[in-house]
Amino acid sequence: MEPDHRDHRCHRPSAFDKMEGLVREMQDTEHGGVPVRSQKLFLTSIPAAFMGYDLIEWLMERLGIEESEALNLANQLCQYGYFFPVSDSKNLVVKDDSSLYRFQSPYYWPWQNRPPDNVEYAIYLAKRTLRNKQRHGLEDYELEALSNLRKNLANKWDFITMQAEEQVKLSKVLKKGDKIISDSQERAYWRVHRPPPGMVTSLEQCPVPTRSWNGSRTRKRTIEDCRRDVELLKNSLSRTRVKVSQALEGMVQHVETYAEYDPLITPTQPSNPWVSEDTTYWQLNSALVEIPTEKRVRRWALSMEELVSDPTGLQEFTNYLRKEYSHENIRFWMAVNDLRRSAQSQIQRKVNEIFEEFLAPGAPCEINIDGKTMEKVHQEMKAPSRFTFDAAQEHVYTLLLKKDCYPRFIRSEYYKNLLATGIQPSQKKRFFGFGQTKKKTSTSSAPNQQLLQQQPSQGATVTCGALSKRRGSDRSLSGSAHELAVSGVKDSKVPHSHSQSNLSDIPYRVKKPSIAIVAGASTSEEVCPWESGNEPRSRKNSAQLDSGSSSSDISVAVAEVSERVQRVCTLTQQHTVDGSRKLSTSTMDPPRRASVSVPITHSTTTGDSSKRKVSSFEDNSSAATSTSSSVFVIPSDTDNKAEECTSTSKTVVKNHGLAKACSVTGANAPIISVSSVADDLPVDSKVEEEAEATCSQQEPLAPLAEPDSESPASELPPSEPITEVEVDTEAKSNDVCPWEDDNPVQAKTCSITASAQRTLNPP
Amino acid sequence: MTETEGKDCPIETIESLTKEAEALKKKLEDERQKLNDITLATVADRLDIINYMNIKPRRTLKGHQAKVLCSDWSPDKRHIVSSSQDGKMIIWDAFTTNKEHAVTMPTTWVMACAYAPSGNLVACGGLDNKVTVYPLSLDEDVTLKKKTVGTHTSYMSCCIFPNSDQQILTGSGDSTCALWDVESGQLLQSFHGHSADVMSIDLAPSETGNTFVSGSCDKMVLIWDMRSGQCVQSFEGHESDVNSVKFHPSGDAVATGSDDATCRLFDLRADKEVAVYSKESIIFGVNSVDFSVSGRLLFAGYNDYTVNVWDTLKCVRVCLLYGHENRVSCLQVSPDGTALSTGSWDYTLRVWA
């Protein structure tokens, strides 16, 4: 092969050079090539051939590769026609055995010259028809090709026949051995270039102008191109670059950090759907979930980008900021993102909307940006585009969100709660073992029932806001142990922002959401190991009282249990909590949490009838689905819960003189209903989160097999690290776990046994 | 340029500019070398070796009657759109291997297809030079609502929705990239800089990112500012066509696959090539590359029917995936990283996990 002869404009994939280099080495028998010799096959001698396993061995040794890779490579070379099977003219396959192969003459190597044309093919076919039928007879597809060619090349047929005859004559001069070799090589060549129909051909290229053999590769460069190049190079020179070591260290760290989130590196929990056929993993990790997995929540702490690129993360972050009255920043950020991705026709309108809402003087959600940035925005507003607010967005993102809100979020009790309540799917398997079929039926229906049942009991109109929509049951984890449906807070307006202020200066007061716990078996019969035979209690409506002393009150009302709930253990209580202006979550000790968790319905209604915020969620989970070992556990948990609840409400009631009713029925509490009525503060969702956190958390954490590990209620209170939370002197500072109380004595007063039923009357 | 200046420095010609570019290139290379203090494999020395990968074929999607040329995962993590040489585009539920839609394009060699972020729209194109979007709906023929968004002056080789259903970014054999407004078909921005066919593009992973990378038959890898239309960074190194480009999940590097049988890693911050993934035994071109979600693994589909799995950091091959019976034309890790899809000229797609 003489590369120089090739037209330089021709395109030739670089693989051919490499293949040819390798094949030349193979043929260099003097320097350790593949042994080629006359091979005896029965009585005949096959000239110039080598054996499959010699070839494979050579490749393995030469390239330091395993047999499988060598075999693959050998087959590739064969497909391209660098050698061919001696005894099989149809299949270009290399086997790792004693089958024989012969090298192709370099003259016939692929992509040497232009591809052969049909005249050459016709000559070749015609030649074969002139020779010994037995040895040179045409295959069916070749006969067909020949007749087609004869039609198409009718005007050249005389020439073709002449050429063919000439070549036959010439070949007669050759020695027999040489003749056999050259015939086989020619045949192999055409096998590659005119393959039988349906056979793979390696030579096919994408039919784009630049990739065919004669493709002209480079566009003529204009002076414009050159100028651009120079410009780019000049800019590149002035670019600041970091040391390679620094850049690479960053990359290695990134990979190390994310290794545990890479399903192809670290196996997923509970399982990879593609492997196990079980889609639980997807259900647990769908874009918007009620309770994210613990792993997912942990990921949010890696970077703000991680948080905001996860829809659930973004939503939790927004919820958190809303509670801090500082979510206009994140809303602005989202609005600008949306703008950037909007259709061209929407740009003008959206630019104005964003300006009106966030930037105009006295805008309802005015964001705080410096004068310079504002000036830039005004400048850009003259010619609105999708990038108009980029400067402002950048400012908000880096200075406010990333440096202020995000770190606070990650440090907050709110986040810690999310983390603590996060699902840990690895442990879930135990629950799944219990009955997957059941879940489907029970969980899908329970939440809505609960919701419906609950609403009338509140004596207040329930408004399901945006949250409820997206958190609707259709999104819920229908296959999993958790089924959540939350109709959440509809937020109307941000009263004002603390984002610029030092939030730690703001005294947080906690108002404890009280809870009505309704344990029921709407989840189904399977729940029942511990179920009591009691009929559901009917619950009181929530009383809603306003202490008047503070800007917000939360009344937690008793939820009512539906008639359809068959097996019930109910804890109901009703009370009103006098609250401070804000609720805030605070940590609690997750493992100590009582291990009842479960279908929960929880709603919060604002006291102010004009702005009602209701949230409710339901959760069917571990208690309902736990394995038999939990039979022992649940009752005790319920005890705790009952105790706690009762005491909580007692305390509260004591302080505020509110009526309270708490009835406890049965031991198992698969359903907890919480309803709280609060003032018009956007507090509700927090309440909801708290309750939710509390209620769902035990599932993964509670050691089901060891009932003893449940700590008695009396032990719980001291373990709560309540830090920044202050409460009205009167109100008990129960943070997340509303039924926990500081007063162990009170808690004790209402201990219940598994089958016991008790009603606590208002004092 | 004033007249006197014109006399002093000769008028710019292609030759003079080319010369200037050469000088600048050399200077640039020197600058880069100054900071070249360590290799990636050395930095990654502390990491454990990935000894064993249990990646196996889990699904085979059969239904195309011709070479599969491109595929893209739906954001829902289980659907795949694929396009083929015979002009068919198929929407698969890869999990069940069912075909949910099949669209026949009025062209052959549909070389690009892409799912929109909403999952409700797909775009495709090829030798017809056009990018066409199809809204997906189950109740009617999707071809009824098809819409041609943009037209290049040569074949369309790649397309991608930049985090929005409303825009589409395309690369073409006319050596340009273009950003189109889906609704109006308006050309929002065009990107000139390559001197040969653009083969592949990829978006920077950041949500707000306005940059993308392109690879071309001119062997160059360019980083673009989507907003200004300017090329902001360029990488040389490949000895042949760059067939595939992909951002590292960290956003600080891009991996490339080329006809020169190598994959390479270019770091944006160090502004240079930091790794070459090659072996003497690998002699065929790379058609497609993608990272596992952590960026530790680099999957590359080759013309020799195999997929090589590289340890991105240690720069060694982890394993080989055999299965396809012809070239692996496209390959992509699913959005949640649970699986790898490969498309091949053997008419099938496979899902590995």
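Of all the numbered requirements in (1) more than 12 Å from every other protein chain (Cβ to nearest Cβ); (2) in contact (Cβ under 8 Å) with a residue 60 or more places away in the chain; (3) out of contact with any Asp or Glu (no Cβ under 9 Å at 6 or more places or on another chain), B:Ser82 misses one, and that requirement is (3). Scanning region B:309-353 for residues that are surrounded by 22 or more Cβ atoms within 10 Å (Cβ to Cβ) and free of Cβ contacts under 8 Å to residues at least 40 places away in the same chain returns a single hit, B:His324. Only one of the listed residues (A:Arg219, A:Arg228) is facing chain B (nearest Cβ under 8 Å), surrounded by 13 or more Cβ atoms within 10 Å (Cβ to Cβ) and at pLDDT 80 or above. That residue is A:Arg228. The residue list B:Thr132, B:Thr97, B:Thr148, B:Thr107 contains one member that is of a type in the set (Val, Ile, Thr) and under 20 Å from B:Lys62 (Cα atoms), which is B:Thr97.
For region A:326-343, check the following and say yes or no: at least one residue is crowded, with 18+ Cβ neighbours inside 10 Å, of a type in the set (Asp, Glu) and closer than 22 Å to A:Lys416 by Cβ. The answer is no, given that none of the residues of region A:326-343 is crowded, with 18+ Cβ neighbours inside 10 Å, of a type in the set (Asp, Glu) and closer than 22 Å to A:Lys416 by Cβ.
Screening region B:115-165 for residues that are of a type in the set (A, V, I, L, M, F, W, C) and within 13 Å of chain A (Cβ to nearest Cβ) and picking the one that is nearest to A:Arg386 (Cα to Cα) gives B:Phe161. Screening B:Val293 on (1) under 27 Å from A:Gln76 (Cα atoms); (2) of a type in the set (Val, Ile, Thr); (3) surrounded by fewer than 24 Cβ atoms within 10 Å (Cβ to Cβ) shows it passes everything except condition (1).
Candidates are the residues of region B:315-352 that are part of a loop (DSSP other than H, G, I, E, B) and more than 10 Å from chain A (Cβ to nearest Cβ); the one that is nearest to the chain's Cα centre (by Cα) is B:Pro335. Looking only at residues that are of a type in the set (S, T, N, Q) and not in a strand (DSSP E or B) in region B:58-93, which one is farthest from B:Tyr134 (Cα to Cα)? So, considering only residues that are of a type in the set (S, T, N, Q) and not in a strand (DSSP E or B), the one farthest from B:Tyr134 (Cα to Cα) is B:Gln65. Within region A:41-61, one or more residues are closer than 30 Å to B:Leu321 by Cα and among the hydroxyl-bearing types (Ser, Thr, Tyr).
Taking (1) within 32 Å of the chain's Cα centre (by Cα); (2) within 14 Å of chain B (Cβ to nearest Cβ); (3) within 29 Å of B:Leu188 (Cα to Cα) in turn, A:Ile354 satisfies each apart from (2).
Determine, yes or no, whether B:Ile38 is modelled with pLDDT of 90 or more, outside any helix (DSSP H, G or I) and over 30 Å from B:His152 (Cα atoms).
yes
Quick test for you: out of B:Phe235, B:Phe212, pick the one residue that is within 12 Å of chain A (Cβ to nearest Cβ) and free of Cβ contacts under 8 Å to residues at least 60 places away in the same chain. Only one candidate passes the filter, namely B:Phe235. Within region A:306-324, the presence of at least one residue that is touching a His at 6+ places or on another chain (Cβ under 9 Å) and acidic (Asp, Glu) is confirmed. Considering region A:267-283, and only residues there that are away from every other protein chain (no Cβ under 11 Å) and either aromatic (Phe, Trp, Tyr) or in a helix (DSSP H, G or I) (or both), the residue that is surrounded by the fewest Cβ atoms within 10 Å (Cβ to Cβ) turns out to be A:Gln283. Tallying residues that are among the hydrophobic types (A, V, I, L, M, F, W, C) and within 44 Å of the chain's Cα centre (by Cα) within region A:15-33 yields 3.
Applying the condition of being in contact with a strand residue (DSSP E or B) (Cβ under 8 Å, 6 or more places away or on another chain) and among the acidic types (Asp, Glu) to region B:84-106 and asking which residue is nearest to B:Val328 (Cα to Cα) yields B:Asp93.
Where strands (runs of 3 or more DSSP E) sit wholly within region A:1-120, those with at least 2 residues that are surrounded by fewer than 20 Cβ atoms within 10 Å (Cβ to Cβ) and not aliphatic (A, V, I, L, M) occupy A:37-41, A:44-51.
Which residue is farthest from the other protein chains (Cβ to nearest Cβ), if the candidates are limited to region B:43-55 and must be exposed (fewer than 12 other Cβ atoms within 10 Å of the Cβ) and modelled with pLDDT of 90 or more? Going through the qualifying residues, I end up with B:Ile49. B:Lys25 falls short of the stated requirement of being within 8 Å of chain A (Cβ to nearest Cβ), surrounded by 20 or more Cβ atoms within 10 Å (Cβ to Cβ) and out of contact with any strand residue (DSSP E or B) (no Cβ under 9 Å at 6 or more places or on another chain).
Quickly run through region A:300-314 and pick out the residues that are surrounded by fewer than 20 Cβ atoms within 10 Å (Cβ to Cβ) and free of Cβ contacts under 8 Å to residues at least 60 places away in the same chain. Within region A:300-314, A:Leu302, A:Ser303, A:Glu305, A:Glu306, A:Ser309, A:Pro311, A:Leu314 qualify. Look at (1) touching a strand residue (DSSP E or B) at 6+ places or on another chain (Cβ under 8 Å); (2) modelled with pLDDT of 95 or more and you find that A:Met51 fails only one, number (2). Considering only residues in region B:151-190 that are more than 16 Å from the chain's Cα centre (by Cα) and among the hydrophobic types (A, V, I, L, M, F, W, C), the one that is surrounded by the most Cβ atoms within 10 Å (Cβ to Cβ) turns out to be B:Trp180. Every listed requirement among (1) more than 12 Å from chain A (Cβ to nearest Cβ); (2) without any contact (Cβ under 8 Å) to a residue 40 or more places away in the chain is met by B:Lys62 save one, (2). Residues that are within 7 Å of chain A (Cβ to nearest Cβ) and either part of a strand (DSSP E or B) or surrounded by fewer than 24 Cβ atoms within 10 Å (Cβ to Cβ) (or both) within region B:273-283 comprise B:Val274, B:Glu280, B:Ser281, listed in sequence order. Can you confirm whether B:Ser228 is under 22 Å from A:Thr222 (Cβ atoms), in a loop (DSSP other than H, G, I, E, B) and in contact with a Lys or Arg (Cβ under 8 Å, 6 or more places away or on another chain)? In short, no. For A:Val208, all conditions in the list (1) free of Cβ contacts under 8 Å to residues at least 60 places away in the same chain; (2) more than 14 Å from chain B (Cβ to nearest Cβ); (3) of a type in the set (A, V, I, L, M) hold save one; what is the number of the exception? A:Val208 satisfies every listed condition except (2). When A:Ser444 is tested against (1) in a helix (DSSP H, G or I); (2) crowded, with 21+ Cβ neighbours inside 10 Å; (3) modelled with pLDDT under 90, only condition (2) is not met.
The values are calculated or read from the model by the stated rules, or taken from the named source; none is laboratory data. Remember, predicted model here, so these are calculated numbers, not experimental data. So basically every Cβ, Gly included, is an ideal-geometry build from the backbone, and we count neighbours across all protein chains shown.
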